[in-house]
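What follows is calculated from the coordinates using simple rules that are stated; it is not laboratory data. Bear in mind that the values here come from a model prediction, so they are computed numbers and not experimental data. Glycine gets a Cβ as well: all are built from the backbone with ideal geometry, and neighbour counts include every protein chain shown.
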Amino acid sequence: MPVEQQADGLRFSWPTRVYWEDTDAGGVVYHAQYVAFLERARSEWLRHRGHGQERLRGEHDLVFAVRAMQLDFLAPARLDDLLDVIVEIRACKRASVLFAQSILRGGRVLLTAEVRVAVLSASSFRPKPAPDALYEEFKALEVPKPLPNPESETRGNNG
């Protein structure tokens, strides 16, 4: 599958197709399947950067585990849709990474997510600091949260 990245390398996009097994009886993507789409995109992002998960486990005794996730479902995806799953690092610490992710169809945002991933020892499943080189690489990929645009915010009942 083709991979798209912004010129600065900070945004990764993984294309995926919606198949029958991803949907409910009405042909709409089942809510839990979005989590799988997000996970696959993060895994492919790691692989694209040269850090396959099996290699990280074997060479560094390191695995990643989802610690927290916040999803905002904005519009449904449907059978046969071609989706783009976006991955960006919002914040990186020694033993955790906060990802900002979204799922788009033809440029329209269907879902936004924040996913906090813990860095763990593969042998003990205890928090473990990332190796210096990996931490520095991820830290350099941080995309700060954009400031809110006051013109795009909805006004209260008084305005």
TODO: Using a 10 Å Cβ count of at most 16 others and DSSP loop calls, identify the longest part of the chain lacking such GluC sites (Glu not before Pro).
DONE: 1-150
- [ ] Multiply the residue separation of V35 and H48 by 0.36 nm, subtract the distance between their alpha-carbon atoms, and state the gained length in nm to one decimal.
- [x] 2.7 nm
Task: Net length gained if the chain between S124 and R94 were fully extended (0.36 nm per residue, minus Cα distance) - done: 9.1 nm
Task: Alpha-carbon gyration tensor eigenvalues x 5, square-rooted, for the chain, Å - done: 28, 21, 15
Task: Inter-probe distance in nm under a simple model that places probes 7 Å from Cα toward Cβ, at R55 and D72 - done: 3.5 nm
- [ ] Would you list the P(r) distribution for segment 41-134, with all Cα-Cα distances sorted into 5 Å bins from 0 and each bin expressed as a whole %?
- [x] 3, 13, 20, 23, 16, 11, 8, 6, 1
TODO: Work out, step by step, the length gained on full extension between A65 and A25: first 0.36 nm times the residue separation, then minus their alpha carbon distance; give nm to one decimal.
DONE: 11.3 nm
Open item on the list: Defining a contact as two alpha carbons under 8 Å apart and six or more residues distant in sequence, what relative contact order in percent does the chain show?
Closed with: 23 percent
